[in-house]
Amino acid sequence: VYLFKLKENTALKINSLDDVKTHKTGAVRDDVRAQYLKTKGIPESAMDIVSTVSLNIRKLFEKRIDMFPIDELAASFLAKQEKLDFTKMEKVFFLKDLSAGLYMAFSKNTPDEIVNKCKATLEKIKADGRFDKIKTKYTK
């Protein structure tokens, strides 16, 4: 997960979470990213709390917020959905604590055989390039 800003906002530099306190950051109500920022000392007065992440990206492009936290794949997909140009956005700060990568979730009742088959299939489509093609379909 990164904090994303508009590329044209060249004055915005974030070197630590303390720097976030002096800028307006979009966040989704009750979202783990908003909760994380609060636990790191970012005051609510520095956050623009909204009900959906799509409002964050629109506010970013309208210059009503300076940045918002989102992972790169989701940001690209969201920009496409909202008919906004993802290439006008850039990462300004990496939120390592929120960055675990992509993963699959299964019910506790799912047999190990099914879980292992899904893992193997995922590795296979990553190896042969299909995974990247699928990602591209939803982000470009």
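Ordering Val92, Thr25, Phe131 by Cα displacement along the dipole of the range 19-140 toward the positive end leaves Phe131 in first place; charges were set at the Cβ atoms of Lys, Arg (+1) and Asp, Glu (-1).
Can you give the charge dipole size of the chain about its Cα centre, rounded to the nearest 20 debye, using +1 on the beta carbon of Lys and Arg and -1 on the beta carbon of Asp and Glu?
Its charge dipole is roughly 360 debye.
So which of Lys59/Lys88; Lys80/Lys135; Lys5/Lys124; Lys59/Lys133; Lys63/Lys88 end up more than 23 Å apart by C-alpha? Among Lys59/Lys88; Lys80/Lys135; Lys5/Lys124; Lys59/Lys133; Lys63/Lys88, the Cα-Cα distance tops 23 Å for Lys5/Lys124; Lys59/Lys133. Measuring r between the beta carbons of Lys108 and Ala11 and using R0 = 41 Å, the FRET efficiency lands at 0.25. Just the protein heavy atoms count here, and of the accessible area of the chain at 1.4 Å, carbon and sulfur take up 52 percent. Straight-line reach from Lys40: which lysines fall under 16 Å, measuring Cα to Cα and dropping same-chain residues less than 8 apart? Output for Lys40: Lys21, Lys24, Lys96. Size descriptors for the chain, from the alpha-carbon set: Rg then Dmax equal 17.3, 52 Å.
Only lysines eight or more places from Lys108 in sequence, or on another chain, were considered; those with a Cα closer than 17 Å are Lys117, Lys119. From the Cα gyration tensor of the range 22-105, with a ≥ b ≥ c the square roots of its eigenvalues, which class applies: rounded if a/c is under 1.5, or else prolate if a/b is larger than b/c, or else oblate? Oblate shape, in that a/c is at least 1.5 and b/c is the bigger or equal ratio.
Taking the Cα centre of the range 54-123 as the origin, how large is its charge dipole in debye, to the nearest 20, when only Lys and Arg (+1) and Asp and Glu (-1) carry charge on their Cβ atoms?
Using only the charged Cβ atoms, the result is roughly 280 debye.
Based on protein heavy atoms only, the chain ends up with 65 Å² per residue of surface accessible to a 1.4 Å probe. Mean residue ellipticity at 222 nm, helices only, the chain: -11500 deg cm²/dmol; runs of at least 4 DSSP H residues each add -39,500 (n - 2.57), and the sum is divided by the number of residues.
Over the chain, what is the mean sequence separation of C-alpha contacts under 8 Å (at least six apart), divided by residue count, expressed as relative contact order in percent?
Dividing the mean separation by the residue count of the chain yields 33 percent.
Measuring from centroid to centroid over Cα atoms, what is the spacing of the range 70-95 and the range 19-57 in Å? Taking the Cα centre of each part, the range 70-95 and the range 19-57 sit 16 Å apart.
The values are calculated or read from the model by the stated rules, or taken from the named source; none is laboratory data. Everything quoted here is computed from the prediction, not taken from an experiment. Positions of Cβ are backbone-derived with ideal geometry, glycine not excepted, and every protein chain shown enters the neighbour counts. With ligands, DNA and RNA removed, areas are computed over all heavy atoms of the protein, side chains included. Shrake-Rupley method; radii C 1.70, N 1.55, O 1.52, S 1.80 Å.
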